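Worksheet for the structure shown next.
The values are calculated or read from the model by the stated rules, or taken from the named source; none is laboratory data. The structure displayed is predicted, hence computed values, not measured ones. Methodologically, a virtual Cβ is constructed for each residue, glycine included, from the backbone with ideal geometry; neighbour enumeration extends over all protein chains shown. Side chains are part of the model used for accessible areas, which takes the heavy atoms of the whole protein and leaves out ligands, DNA and RNA. Shrake-Rupley method; radii C 1.70, N 1.55, O 1.52, S 1.80 Å.
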Amino acid sequence: MYPPRFEYEAPETVAEAVGLLVEGHGSAKVLAGGQSLIPMMKTRFASPEMLVDINGISDLEYHRRDADGSIRVGALCRHATLEQSQVLADHQPTMAAASALVADPIVRNRGTLVGSLCHADPQGDWAAVMASLGASVIAQGPTGERVIPVQEFAVGPFQNALAYDEIAVAAVVPPPKGKPEGGYLKMERRVGDFATAGVAVSLDRSAGGVARAGIALTGVGPRTIVAEEAAAILVERGLDPDSIAEAARAAAGAAQPKTDHRGTAEYKRHLVEVFTSRILKRIAGSSEEAA
Amino acid sequence: MTALDEIKIGGLGASRRRVEDNRFIRGKGNYVDDITLPGMLHMEILRSPVAHARIVSIDTSKAWAMPGVRLVITGETLAARNLAWMPTLSYDTQAVLATDKVRFQGQEIAAVIADDPYTAKDACEAIVVEYEPLPVMVNPYQAMEDGAERIRDDKENQPDNVIYDWEVGDRDGTERAFAEADLVSKIQLHYPRSHPSPIETCGSIADFNRATQKLTVYMTTQAPHIIRAAVAMVAELPEQMIRIIAPDIGGGFGNKVPVYPGYVVSILASILLEKPVKWIEDRTGNLISTGFARDIYLEGEMALRKDGKILGVRMNCIADHGAFFSDAQPSKFKIGLLHSAFACYDIPAAHLTARGVYTNKAPGGVAYRCSFRVTEAMFFQERMVETAAIDLGMDPAEIRRVNFVRDDDFPHRTAFGFLTDSGQYTKCLDLGLEAIGYDTFRQEQEEARKRGRLLGIGISTMTEPLGAGNSREFDILGIKMFDSAELRIHMTGKALLRTGARSQGQGHETTWAQIVAHELGLPAEDVTVEEGDTDTAPFGMGTYASRSTPVAGAAISMAARKIRAKARKIAAHLLEVSEEDVEWELGRFYVRSRPEQGVTIQEAAMAAYSNMPDGMEPGLEAIAYYDPPNLTWPFAAYIAKVEVDPETGVWDVLRMVAVDDCGVRINPMIVEGQIMGGLTEAYAMASMQYITFDAEGNCIGSNFTDYLLPTAWETPGFELHEVVTPCPHHPIGAKGIGECAAVGGPAAFVNAVIDAVKHLGVKNIDMPVLPDRVYEAIKTGKDVSGAPPVRTDG
């Protein structure tokens, strides 16, 4: 498979990279992990005139938890790094759960969380996880930074909200409003396959209740779906068998699946209900155990 | 003097490490794409984006104008040389490059030859083709409708889309069996289309030298000699001026038996340009245009007595062949060896009808680790037997025992007329059942159900015909199915062995040397094995259908025995006794009355060049051509234990037990590797690996994102057991093994899932047994049949 001709630049600073994007005026694409972009170029579904390879910008290769409890993931932080991250294991269970389920081990070695958000594939795992956490993307352009909530970041299938001269330099998860709990479950026909359906649940628990809840769905709509009604049920009523069942039904109701070779619409909706319920039951069960 | 230890010299039964792996694991293999010739150009193929359309015009002017483009070839270029169509091995014709219309998505339309592959690809995209759409038929039922558009309007005497109607067996006898039955069990099945997808795609480098008139083609082929014969016949080139070289081959699985348009066009391009022309197919090209497998429908009926005895079997099959009937299968039977079904059961009467149909899909049908539809045969057989057990309320192991051919009943003539050679079927099944703990399983299953868990065990038992052919029933273009070996013993006792087979990963370089070690007592490491070059290897029919050991392997034994016979005369001469007084033990001749006086095979070899008896022709070489008296009939019992998640339909393999009887095992490690590979592919068929099409004829499965091959993550563990019933008609008692697990395995997995849900009223879920289909079956208590849905909305 042979991609069409393209120019290649490897800047060493973000400012330099932004300069190249300005020059390219819409014909340039940023290359981070390349796990989606390169196959698309080889199959000629994408044909950028220029690749701006940011892998030389070492400033972007980090993830950390800041003093206020927020978690920040740089544009070059690989999935594999997150999979092995003690920071996530200790402080962010939804991300920790998802990090081992993204694509396959080979893709995880190269691919990045921020790149996955930029790719805006409705079947991408990180978009649902980050949406459930109320996270944002930090975009840097020639005039400075702006913060874009993940929910507004994907504007359609494979379309993000970045201007042509902006680079997504990081994703930021806001500080939790209690003890963070959560999980991510997805159905895939095979490791590395895109999700048939996936559910991300993030709860901040305090004083036996739910201070904040986020539920987001992978692969069951034209973009990542945030199940707001389901989350509201949990905040209002806490975790009990009835509220869990109702929230699971509400999450299934929010899904907008289509029948395809990964399964029927009905089945995908059913999976959302099962997965939501399973994650919530596990959280409820483990806090009972702790008590 | 103690006799040689056969295991130590790497003879029969030695799990010798694969000698070819030395280069493969170091990245030093030599595949077609590794080869670069001086002045070599690159070819890319333009393929049709639509499945059925008349070609209104092809404008190549922009491609010609691109710098670096040397040649653009269309169907018109070929038609001028009478090469636009080529014959297939099934006596049909196939378009090389489309001239009149395109008949499937991915069909070859034009080729560009350029200085580099990037330019060639760019130029392909610059070719403008105007299409006039025609109705698309993606299954045989659409293609058989009244007034359906004729796909093969190029053919006279082809009024519709039916390729053939064929039948075999005893129609009247079967009729009578059904009249006497206590119960008739029925099932409808679809074995979905799949693709062998070797990791190395197809490709060739054609190098025509005007000065010598010699055409050398490096080619990804499993059968280089057949290709040479085909090129000689089709292109009318002198056969001695054609050299086909199949270098290292990165997997074949039957995908690399047919002749593909890319090969043909690269050869013509080299002749026209007088330069080497390389064509390497991309992944999508391989998946959407080259030899696929299966895609066949069954209506099966079984006449049963109350005690489980099968009185008769009826099979009505419809095979979807795609746009051309290009099965690369050498049997005299239109539907291949589909009627090898039920060979392990003693059944009084059987009848099979088969219809082949053209559709707007890629041609092929018999590839993928399969002896010409034995995979479908055994899957249908074992699903029918399982259904019969459910209908009778009988234990699925017991119904098999009741119907097995008995150990003392060989050779056995099957209801469809094959002659099976040997086996111990009940012993194999019982060994497997014991290994998986079948005795206590039903209780375990019952208790699990009470706790809401669904467990199932699935059994698949079968014997299959491996090792085409025997020249009475098998030929390719009239060439009888035999095979060959040429063995040269050098004067220092080292050897060079060449065969007409072609390894694609099977490990011939290792196992062939072991056969020589067994026959002559030469250490296996002293034997170099070469295959794949038609200028050096003796004529052979290639490697597929698990035929290498049954046929070429036998030829190696026979060649080695010729060597031994001559060496015995030399030994008698050296020992100064008459030949009758010479005895043989592994690696050494000795005098019967004085065993301490002997001559090693190496000493005899030296004497063949330095001290031969008067009047004896010098040298120690032999060639043998082996025409097998019959196919070999390995047997297998595969037993899977699964757990089904009732909420999601996901099923996990808890255990998979395989009992294989492939006769004498030459290299047990390689045999086990073959079985594990086959079981992996069996699991793939059952769970995920299929190609389907949407209503417009778009191939769903044109890359590895959509066409799923299982990885180490999904593949279950396998527990292997063996039984050895030597093949009575093979020189070393070996039977084929390469395909067994891929053939017999799928039914074990499907039967296991069905066993877990049959109490809900479910008797069938067609493959692939995807979680959503299992969930639907559980929820509705009904069968889930047909190809999975592709797109129903938006």
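A few notes on this one:
- Test: residue in segment A:75-84 that is in the same structural domain as A:Val129 (by TED's automatic domain parsing), assigned to a helix (DSSP H, G or I) and open to solvent by 20 Å² or more (accessible area, probe 1.4 Å): yes
- Flag if A:Ala67 is under 23 Å from A:Gly198 (Cβ atoms), modelled with pLDDT of 95 or more and not assigned by TED's automatic domain parsing to the domain that holds A:Tyr184: no
- Residue match in segment B:778-788 (condition: touching a Pro at 6+ places or on another chain (Cβ under 6 Å) and either away from every other protein chain (no Cβ under 13 Å) or among the hydroxyl-bearing types (Ser, Thr, Tyr) (or both)): no
- Hey, A:Leu217 open to solvent by less than 30 Å² (accessible area, probe 1.4 Å), modelled with pLDDT of 95 or more and under 19 Å from A:Ala103 (Cβ atoms) or not: yes
- Within this structure, B:Arg314 passes the test of being of a type outside the set (Asp, Glu), outside the structural domain of B:Ile109 (by TED's automatic domain parsing), in a strand (DSSP E or B) and open to solvent by 40 Å² or more (accessible area, probe 1.4 Å).
- Output for segment A:252-288, where each listed residue is open to solvent by 50 Å² or more (accessible area, probe 1.4 Å) and of a type outside the set (S, T, N, Q): A:Gly253, A:Lys258, A:Glu266, A:Arg269, A:Glu273, A:Arg278, A:Lys281, A:Arg282, A:Glu288
- For the condition closer than 30 Å to B:Asp407 by Cα and open to solvent by 50 Å² or more (accessible area, probe 1.4 Å), B:His730 does not qualify.
- Selected residue (criterion: nearest to the other protein chains (Cβ to nearest Cβ)) from residues of segment B:629-648 that are surrounded by fewer than 24 Cβ atoms within 10 Å (Cβ to Cβ) and within 22 Å of B:Ala343 (Cα to Cα): B:Asn630
- Within segment B:649-661, being open to solvent by less than 10 Å² (accessible area, probe 1.4 Å) and in contact with a strand residue (DSSP E or B) (Cβ under 7 Å, 6 or more places away or on another chain) holds for B:Met656, B:Val657, B:Ala658, B:Val659, B:Asp660, B:Asp661.
- Long-range neighbours under 6 Å by Cβ, at least six apart or interchain, first residue closer than 27 Å to B:Gly336 by Cα within segment B:394-423, second open to solvent by 40 Å² or more (accessible area, probe 1.4 Å) and among the basic types (Lys, Arg): B:Leu419/B:Arg413
One line per residue, one yes/no per condition, for (1) of a type in the set (Ser, Thr, Tyr); (2) assigned to a helix (DSSP H, G or I):
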position	(1), (2)
B:Ile515	no, yes
B:Thr543	yes, no
B:Pro550	no, yes
B:Ala554	no, yes
B:Ser557	yes, yes
B:Ala567	no, yes
B:Tyr590	yes, no
B:Pro595	no, no
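- Positions within segment A:202-213 being open to solvent by 30 Å² or more (accessible area, probe 1.4 Å) and either assigned to a strand (DSSP E or B) or closer than 14 Å to A:Met95 by Cβ (or both), in sequence order: A:Arg205, A:Ser206, A:Ala211, A:Arg212
- The set of residues in segment B:483-496 being in contact (Cβ under 8 Å) with a residue 40 or more places away in the chain and surrounded by 24 or more Cβ atoms within 10 Å (Cβ to Cβ) consists of B:Asp483, B:Ser484, B:Ala485, B:Leu487, B:Ile489.
- Identity of the residue in segment B:684-714, open to solvent by 20 Å² or more (accessible area, probe 1.4 Å) and more than 10 Å from chain A (Cβ to nearest Cβ), that ends up nearest to B:Val750 (Cα to Cα): B:Phe693
- Any chance B:Glu167 is over 19 Å from B:Ile335 (Cα atoms) and surrounded by fewer than 16 Cβ atoms within 10 Å (Cβ to Cβ): no
- Scanning segment B:679-697 for residues that are assigned to a loop (DSSP other than H, G, I, E, B), at pLDDT below 95 and within 18 Å of B:Pro363 (Cβ to Cβ) yields a total of 1.
- Residue list for segment B:280-303, filter: among the hydrophobic types (A, V, I, L, M, F, W, C), within 14 Å of chain A (Cβ to nearest Cβ) and open to solvent by less than 10 Å² (accessible area, probe 1.4 Å): B:Leu287
- Residue that is farthest from the chain's Cα centre (by Cα) [pool: residues in segment B:328-342 that are farther than 19 Å from B:Gly542 by Cα and crowded, with 24+ Cβ neighbours inside 10 Å]: B:Phe342
- Looking only at residues in segment A:175-201 that are in contact with a strand residue (DSSP E or B) (Cβ under 8 Å, 6 or more places away or on another chain) and surrounded by fewer than 21 Cβ atoms within 10 Å (Cβ to Cβ), the one that is farthest from the other protein chains (Cβ to nearest Cβ) is A:Lys177.
- Some residue of segment A:26-47 being of a type in the set (Lys, Arg) and within 14 Å of chain B (Cβ to nearest Cβ): yes
- Look at segment A:3-28: where a residue is touching a residue at least 60 places away in the same chain (Cβ under 8 Å) and under 13 Å from A:Ile54 (Cβ atoms) and a partner is hydroxyl-bearing (Ser, Thr, Tyr) and assigned to a loop (DSSP other than H, G, I, E, B), sitting 6+ places away or on another chain with Cβ atoms under 7 Å, you get A:Leu21/A:Tyr164.
- Qualifying residue in segment B:286-295 (condition: assigned to a strand (DSSP E or B) and among the aliphatic types (A, V, I, L, M)): yes
- Considering (1) open to solvent by 10 Å² or more (accessible area, probe 1.4 Å); (2) farther than 25 Å from B:Lys758 by Cα; (3) touching a residue at least 24 places away in the same chain (Cβ under 8 Å); (4) of a type in the set (D, E, K, R), the lone condition that B:Asp614 does not fulfil carries the number (3).
Per-residue answers, yes or no, for (1) of a type in the set (Ser, Thr, Tyr); (2) surrounded by 23 or more Cβ atoms within 10 Å (Cβ to Cβ); (3) on the phi < 0 side of the Ramachandran plot:
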| site | (1), (2), (3) |
| --- | --- |
| B:Ala415 | no, yes, yes |
| B:Thr420 | yes, yes, yes |
| B:Ala435 | no, no, yes |
| B:Arg451 | no, no, yes |
| B:Thr463 | yes, yes, yes |
| B:Leu477 | no, no, no |
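- Residues that are within 11 Å of chain A (Cβ to nearest Cβ) and part of a loop (DSSP other than H, G, I, E, B) do not occur anywhere in segment B:732-741.
Conditions tested, residue by residue: (1) at pLDDT 95 or above; (2) under 13 Å from B:Lys278 (Cα atoms); (3) outside any loop (DSSP other than H, G, I, E, B).
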position: B:Gly29; (1), (2), (3): yes, no, no
position: B:Gly39; (1), (2), (3): yes, yes, no
position: B:Met43; (1), (2), (3): yes, yes, yes
position: B:Pro49; (1), (2), (3): yes, no, no
position: B:Ile58; (1), (2), (3): yes, no, yes
position: B:Lys62; (1), (2), (3): yes, no, yes
position: B:Pro67; (1), (2), (3): yes, no, no
